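Below is one structure, written out as C-alpha cells; the observations come after it.
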Amino acid sequence: EVLLRKDIFEIFEACNGFKIPFGMTTNGQLLTQENVKRFLACQPMNLSISLDSLDAVIYREIRGTSFLERVLQNIEFLMDYLKQIDSHLKVTLKTVVNRKNLSELPALAAYAQHMGVSGIIFDPIKRRREPFISETISEFEDLFSMDLDSLSEVINKLTRMKRAGY
C-alpha cells in the first residue's frame, strides 16, 4: 500500500515539480479526505483503487481485512470531491477476478458506472508467483480454481453490459 510510505507525498510533490507524470494504485483504506486533497494537489494523471467485492464477507475472505465500508466511503468522497473541484483525473477500479467474486463482476461494473469512474479493470488471478513465492498456498489455489462455464457466462454478461454502455 503506497500510502503507508511516510514520504509518499514528498515523492508526489517532486514528480509534480519536475513534471514527471505519475499515478497511484491503492487499496483505498487510507484514501482519506486529507490524503485525497493532498494527492490531487500534486496533479496526478491517474488513480486506481483495488476493489474485489461489494460484499463485506467476500471482501474479507479475499483481502483478509474488514474495511470495505471505509473503502466505499472513501471512493464516494473522492468522486464527489473531483466534481467539486472540476477535476478530470482518470480514476479506475481494479478487480482481481477469482472464484469468490466471479458472480459479482457485473455488479462491480454497475458500481463503477454509478460512481462515475473512468472504468474498471478486471485482472485475472495468476497462478504463477515466482520469483516472489515458490511454494503452493492452499488459500491462493482456492481462489484460482474457477468453473470455466461460470467464467464464460460472466464474460458474456460483461460483454453485453459493455455494449449497452457500461
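With the checklist (1) closer than 19 Å to Asp80 by Cα; (2) open to solvent by 10 Å² or more (accessible area, probe 1.4 Å); (3) not in a helix (DSSP H, G or I) in hand, flag the one item Asn35 doesn't pass.
The single condition Asn35 does not satisfy is (3).
Test Glu104 against the criterion of being at pLDDT below 95, within 27 Å of Asp147 (Cβ to Cβ) and part of a helix (DSSP H, G or I), and give yes or no. Lay out the reasoning, then the answer.
On the way: at pLDDT below 95: no; within 27 Å of Asp147 (Cβ to Cβ): yes; part of a helix (DSSP H, G or I): yes.
It is false that Glu104 is at pLDDT below 95, within 27 Å of Asp147 (Cβ to Cβ) and part of a helix (DSSP H, G or I).
Among (1) of a type outside the set (Asp, Glu); (2) touching a residue at least 24 places away in the same chain (Cβ under 8 Å); (3) closer than 19 Å to Val96 by Cα; (4) touching a Ser or Thr at 6+ places or on another chain (Cβ under 8 Å), there is one condition Ile58 misses while meeting the rest; what is its number?
The number of the failed condition is (4).
Results for (1) more than 14 Å from the chain's Cα centre (by Cα); (2) hydrophobic (A, V, I, L, M, F, W, C); (3) exposed (fewer than 15 other Cβ atoms within 10 Å of the Cβ); (4) farther than 30 Å from Ser152 by Cβ, shown as yes or no for each residue.
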{"residue": "Arg60", "(1), (2), (3), (4)": "yes, no, yes, no"}
{"residue": "Arg63", "(1), (2), (3), (4)": "no, no, no, no"}
{"residue": "Gln84", "(1), (2), (3), (4)": "yes, no, yes, yes"}
{"residue": "His88", "(1), (2), (3), (4)": "yes, no, yes, yes"}
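Going through segment 49-73 one residue at a time, which ones are part of a loop (DSSP other than H, G, I, E, B) and either at pLDDT 95 or above or in contact with a Gly (Cβ under 6 Å, 6 or more places away or on another chain) (or both)? Write out each step before concluding.
Filtering segment 49-73 down to residues part of a loop (DSSP other than H, G, I, E, B) leaves 51-55, 64-67.
Leu51, Asp52, Ser53, Leu54, Asp55, Phe67 - these are the residues of segment 49-73 that are part of a loop (DSSP other than H, G, I, E, B) and either at pLDDT 95 or above or in contact with a Gly (Cβ under 6 Å, 6 or more places away or on another chain) (or both).
The values are calculated or read from the model by the stated rules, or taken from the named source; none is laboratory data. Just so you know, these numbers come straight off a predicted model, no measurement behind them. Every residue, glycine among them, receives a Cβ derived from its backbone with ideal geometry; neighbour counts consider all protein chains shown. These area figures cover heavy atoms from the full protein model, side chains too; ligands, DNA and RNA do not enter into them. Shrake-Rupley method; radii C 1.70, N 1.55, O 1.52, S 1.80 Å.
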